[in-house]
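Have a look at the structure below before the remarks.
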């Protein structure tokens with residue numbers, strides 16, 4: 001990836017390796033994860049997005065989000081031929097939809113200032129990010145199997161409707177959200193940028209080469225990899241363990257509390273996750289796993305070594321960047337305990353989660369020994385109570401699966 | 001989809017795990033067991049040290065109400081990849097223990113002076129001292145990290161000291177944090193000024209000059225660590241006690257007889 005965006009600020013350490021903004025961008029491309037860059041005007045979001053475009057030559061497109069843009073203009077921008085064919089109703093005249101969507105063969109779609117777009121345009125953009133286009137209520141694939149979206153937006157900027165919709169849209173369609181102000185460049189980066197040139201415009205010049213296949217190959221390699229059971233269990237904790245909570249009357253589930261979460265929660269202490277964070281959705285859980293695998297591959301490429309990254313470390317770091325802006329945090333608690341700093345709140349949750357998981361390691365190993373024997377053992381299963389109750393079900397499932405294998 | 005059960009999970013074999021957990025009568029507690037203030041352990045002895053030439057003599061010091069006897073501090077880190085609690089436990093089994101932040105500050109000052117003696121009383125080569133110093137603080141690859149004997153609870157600091165009135169036993173001190181920088185400095189504080197002006201708990205005081213050493217202020221429930229990598233060196237008082245990394249270890253220390 002070209003690096004016209006300069007930023008030497010570490011956003012995490014993984015396996016002893018510093019991970020920078022460009023590494024996260026690279027990880028999103030490998031993982032085919034939609035990335036939203038939020039930050040103040042002039043913080044470099046667009047420049048970083050432009051660096052990501054440098055891989056794709058003419059297979060990347062840049063769209064400036066405006067509130068007066070409608071879907072017709074969007075289609076016109078994507079490809080005038082495509083728009084003309086639609087306008088002339090060639091689909092109705094028997095044209096193969098594939099012929100039409102082939103005209104939009106972008107692998108990367110960058111939308112600058114996404115919150116400016118009206119809902120109908122945004123909906124089409126999210127579809128494009130996910131690799132299809134909707135025409136007359138039908139979805140048609142684009143991008144030859146690989147497409148990903150990068151969007152930018154200002155922090156204080158709201159979507160053209162309510163901010164609740166902003167949260168919902170992000171949660172639904174953007175997999176990773178990075179705050180470029182939080183991980184702002186170092187002073188010496190600024191010096192280097194300023195010494196380079198004094199043109200205040202985003203630099204869109206590239207060599208124009210199409211290196212899409214490099215990215216697609218890395219993505220395919222990543223997808224082929226088997227996800228270790230340890231990672232699956234950690235993410236299961238983020239989905240089910242974090243769902244555990246206690247109210248005045250009983251032990252229950254945050255999901256079941258619905259709108260009563262977090263007000264009905266008993267434990268509001270700093271450091272407690274019960275009122276601070278909602279569990280991950282299955283979609284976000286997948287994003288977390290995918291990002292974790294992609295980050296592992298980045299460390300592997302940097303060092304040339306396998307096994308440097310501990311699964312727990314990798315999954316929880318990925319979780320931090322999937323969850324921070326995805327709408328799962330209790331904003332009031334973040335404000336009260338962490339000065340409104342979402343990443344700091346996530347750091348606290350990561351720390352608590354790490355402690356919980358490490359403390360349960362021996363029991364999980366015993367549970368896996370039970371599962372591999374194919375025989376349920378109540379003494380082992382009874383070790384999993386409270387927020388770990390979900391593990392009882394997982395281990396029972398694995399044991400029964402093993403038992404069935406032995407039966408065959 | 002069939003899920004494969006691994007033979008190794010979280011770095012340890014699953015075989016024999018049932019026996020291990022059933023051997024303990026009660027389920028393990030998540031929280032670190034808090035020691036009472038009166039809890040003490042016997043001070044380890046250096047008389048059984050087989051390789052005193054690999055240790056550096058850190059002379060006894062008194063910093064206000066805090067003091068320690070002559071210490072031998074290992075030139076090399078050990079117990080890599082263990083969490084803070086486990087590291088403490090394993091050091092104790094060997095008759096060693098972890099440096100407090102204050103001792104670590106004094107140790108760094110000693111290394112920086114380039115004049116120190118080993119456990120046999122021999123003057124250590126300057127180049128060797130320089131290499132130990134660089135290994136700890138130099139900003140370069142690979143990432144290095146070491147645990148320190150300090151835990152934070154609310155506005156308190158917890159570490160160990162020697163109770164000379166009680167026969168030299170090691171006791172836990174749990175006291176208020178005093179005169180320290182309460183905000184993160186990223187960057188940073190001046191490394192030399194920290195060594196010069198650290199308070200008796202080893203923490204930088206508000207008068208410490210600005211500089212390139214990153215500093216993360218104490219966080220409730222966290223432990224202390226010193227790290228260096230290609231990006232920075234830092235004193236982190238916000239460390240996760242359960243963190244385990246291959247580059248994270250400890251500098252074993254014990255009192256000199």
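On the basis of the beta-carbon distance and an R0 of 30 Å, residue B:89 and residue B:51 show a calculated FRET efficiency of 0.85. With only Cα atoms counted, chain A has Rg and Dmax values of 23.1, 72 Å. Put the Cα centre of segment A:92-119 next to the Cα centre of segment B:192-243 and the gap is 52 Å.
Taking other Cβ atoms within 10 Å as a rough exposure proxy, A:239, A:121 sort from fewest to most as A:239, A:121. With a Förster radius of 25 Å, plug the Cβ-Cβ distance of residue B:131 and residue B:63 into 1/(1 + (r/R0)^6) and report the FRET value to the nearest 0.05. Computed FRET efficiency for residue B:131 and residue B:63: 0.35.
Shielding of peptide B:240-250 by partners, expressed as the average count of other chain Cβ atoms within 10 Å per residue Cβ, is 5.
Of the peptides B:203-209, A:88-94, A:186-192, the ranking by mean beta-carbon count within 10 Å, highest at the top, reads B:203-209, A:186-192, A:88-94. Expressed as an acute angle from 0 to 90° and rounded to the nearest 10, what is the orientation of the C-alpha long axis of helix B:84-94 relative to the principal long axis of chain B? The two axes meet at around 80 degrees.
Over segment A:38-154, Cα pairs under 8 Å with separation of 6+ residues give a relative contact order of 33 percent.
The mean sequence separation of alpha-carbon pairs under 8 Å and at least six residues apart, normalised by the residue count of chain A, gives a relative contact order of 18 percent. No solvent, one uniform scatterer per C-alpha: report log10 I(q)/I(0) for segment A:1-67 via the Debye equation at q = 0.22, 0.25, 0.27 1/Å, two decimals. Log10 I(q)/I(0), no solvent term: -1.08, -1.32, -1.45. Over the Cα atoms of segment A:253-360, each weighted equally, I'd like the Debye log10 I(q)/I(0) at q = 0.14 Å⁻¹, rounded to two decimals. At q = 0.14 Å⁻¹ the computed log10 ratios are -0.60. Counting beta carbons within 10 Å around each of A:107, B:160, B:88 and listing the fewest first gives the order B:160, B:88, A:107.
Geometric descriptor of segment B:83-210, per residue, is 155 Å³ (volume of the convex hull of the Cα atoms).
Report summary: the helix-based calculation at 222 nm, which adds -39500 (n - 2.57) for every DSSP H run with n ≥ 4 and divides by the residues of the protein assembly as shown, gives -11500 deg cm²/dmol.
Label zone of residue A:227 (point 7 Å out along Cα→Cβ, amide N under 18 Å): in segment A:291-331 this covers A:291-298, A:310-324. How shielded is A:344-353 by partner chains, expressed as the average number of their Cβ atoms within 10 Å of its Cβ atoms? Mean partner-chain Cβ count within 10 Å for A:344-353: 2.
Applying 0.36 nm per residue to the separation of residue A:88 and residue A:199 and subtracting their alpha-carbon distance, the gain on full extension is 35.7 nm. For the options A:350, A:251, A:150, a Gaussian network treatment of chain A with springs between C-alpha atoms closer than 10 Å singles out A:251 as fluctuating the most.
Residues A:2, A:331, A:230, B:146, arranged from fewest to most other Cβ atoms within 10 angstrom of their Cβ, appear as A:331, A:2, A:230, B:146.
Each value in this text was obtained by applying a stated rule to the coordinates, not by laboratory testing. Since this is a predicted model, take the numbers as computed values, not measurements. As a convention, Cβ positions derive from the backbone with ideal geometry for all residues, glycine included, and neighbour counts pool all protein chains shown.
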